[in-house]
Amino acid sequence: MTDKYYVIGNPIEHSLSPLIHKEFATSLGIDLTYEKKQFGIESFTEELKDLIADDSVKGANITVPFKVAAKGICSSLSERALRAGAVNTLKFENGTVYGDNTDGAGFVIDLEKRCHVSLKEARVLILGAGGATRGLLAVLAKAGCARIDIANRTYEKAVRLADEFNVRAIRSEETGQAVWDVIVNATSASITGVLPDVNPKALNKAHVAYDLFYSKTPTVFMRFATQNGCPFVADGLGMLVEQAAESFCLWRGIRPDTDKIYRLLRD
Ligand code: NDP
């Protein structure tokens, strides 16, 4: 019986995950299927339980807007999923559901591998205080950064998150007053081509500007960073591929090479 995997979200048509996981499986000679499934907003839990009842289904990736709801059906959680308060990977085994969150690890690996930045002693500014920021903080708070600051359009949300993860919240107006090595756009502003509020001086002093969003052309945040003198900009495609590899490794016990599929998607 072929093992089955899914990526579940709403909407889901845009997902690149099936392409990525099929390439991983082919490159390793593993026989599995990986498909998209759109679940109803109200019926997510019921539909997920039905899916788990099928013995051939071994795991799933969970995406927007179900990452928090999926946590609720897990029998156990990884430490980083617990800290993030959300899961993006489920593993089904002998009637149990294990939940993990590989987003933060995907970001850190991509940052080190493709942006050549170590987070040890790095000063990091994160713009945004949503689910993606939670996933990053679950890992970054333990990565040995010298400082982590969060700025968000709704300042109170940044304060709540900063308190929870023991980092610092700053107001967007204050982003011209300090120096960060890495500035991460973890807002969803790039989806609509909007620039989040950040002082150009901060980008001038940063080594890397990283947008979690990915697209065929540089995002407005990446262009703004380049125009203001930031020497290295990146989007979230590498993070997407690396978080997928982490999920695959959890399911199959082997970490696939990510470079080939990264290059394919980039091209
Ligand atoms: P959420 O909806 O949970 O959070 C959105 C955040 O963006 C909030 O902090 C919100 O601020 C802020 N925001 C939204 N619009 C604007 C705007 N116009 N100007 C300034 N701030 C704005 O989204 P997620 O955290 O789940 O996702 C964030 C981004 O990360 C998305 O672009 C998503 O595609 C990307 N992502 C990429 C991944 C990858 O693998 N590359 C993985 C996961 C996410 P406020 O609190 O004020 O509303």
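The values are calculated or read from the model by the stated rules, or taken from the named source; none is laboratory data. Every value quoted in this text rests on a predicted model; they were computed, and no experiment measured them. With ideal geometry, Cβ positions are generated from the backbone for all residues, glycine too; neighbour counts draw on all protein chains shown. With ligands, DNA and RNA removed, areas are computed over all heavy atoms of the protein, side chains included. Shrake-Rupley method; radii C 1.70, N 1.55, O 1.52, S 1.80 Å.
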Only one of GLU13, GLU112 is open to solvent by 40 Å² or more (accessible area, probe 1.4 Å), within 16 Å of the ligand (Cβ to nearest atom), outside any loop (DSSP other than H, G, I, E, B) and out of contact with any Cys (no Cβ under 6 Å at 6 or more places or on another chain). Can you tell me which? GLU112
Can you tell me which residue is most open to solvent (accessible area, probe 1.4 Å) among those in the range 222-236 that are part of a helix (DSSP H, G or I) and farther than 21 Å from GLU112 by Cβ? GLN227
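Inside the range 132-148, can you point out the residues that are within 18 Å of the chain's Cα centre (by Cα) and either buried (at least 20 other Cβ atoms within 10 Å of the Cβ) or not charged (D, E, K, R) (or both)?
ALA132, THR133, ARG134, GLY135, LEU136, LEU137, ALA138, VAL139, LEU140, ALA141, ALA143, ILE148
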Which residues, taken from the range 222-246, are near the ligand (Cβ under 10 Å from one of its atoms) and more than 17 Å from the chain's Cα centre (by Cα)? none
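Quick grid of which residues meet (1) more than 30 Å from ALA206 (Cα to Cα); (2) of a type in the set (Val, Ile, Thr); (3) open to solvent by 30 Å² or more (accessible area, probe 1.4 Å):
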| residue | (1), (2), (3) |
| --- | --- |
| PRO18 | yes, no, no |
| PHE39 | yes, no, no |
| LYS71 | yes, no, yes |
| SER75 | yes, no, yes |
| GLY85 | no, no, no |
| LEU90 | yes, no, no |
| VAL97 | yes, yes, no |
Looking at the range 130-164, which of its residues are in contact (Cβ under 8 Å) with a residue 40 or more places away in the chain and either more than 9 Å from the ligand (Cβ to nearest atom) or within 20 Å of ASN101 (Cα to Cα) (or both)? GLY130, GLY131, ALA132, THR133, ARG134, GLY135, LEU136, LEU137, ALA138, VAL139, ALA141, ALA151
For HIS207: the one exception among (1) open to solvent by less than 10 Å² (accessible area, probe 1.4 Å); (2) away from the ligand (no atom under 16 Å from the Cβ); (3) touching a Phe, Trp or Tyr at 6+ places or on another chain (Cβ under 7 Å): (1)
When the range 158-177 is checked residue by residue, the ones that are over 16 Å from LEU136 (Cβ atoms) and surrounded by fewer than 16 Cβ atoms within 10 Å (Cβ to Cβ) are ASP163, ARG171, GLU173, GLU174, GLY176, GLN177
Just checking, does the range 35-56 include any residue being in a loop (DSSP other than H, G, I, E, B), under 27 Å from LYS260 (Cβ atoms) and touching a Gly at 6+ places or on another chain (Cβ under 9 Å)? no
Hey, ALA129 hits all of (1) within 18 Å of ALA206 (Cα to Cα); (2) modelled with pLDDT of 95 or more; (3) open to solvent by less than 30 Å² (accessible area, probe 1.4 Å) but one; which does it fall short on? (1)
Residues in the range 78-105 that are in contact with a strand residue (DSSP E or B) (Cβ under 6 Å, 6 or more places away or on another chain), among the polar types (S, T, N, Q) and not in a strand (DSSP E or B) total 3
Please work out which one of (1) at pLDDT 95 or above; (2) not in a helix (DSSP H, G or I) is the condition SER215 fails and give its number. (1)
If you check GLY238, GLY253, GLY176, which single one turns out to be touching a residue at least 24 places away in the same chain (Cβ under 8 Å), more than 16 Å from GLY106 (Cα to Cα) and not basic (Lys, Arg)? GLY176
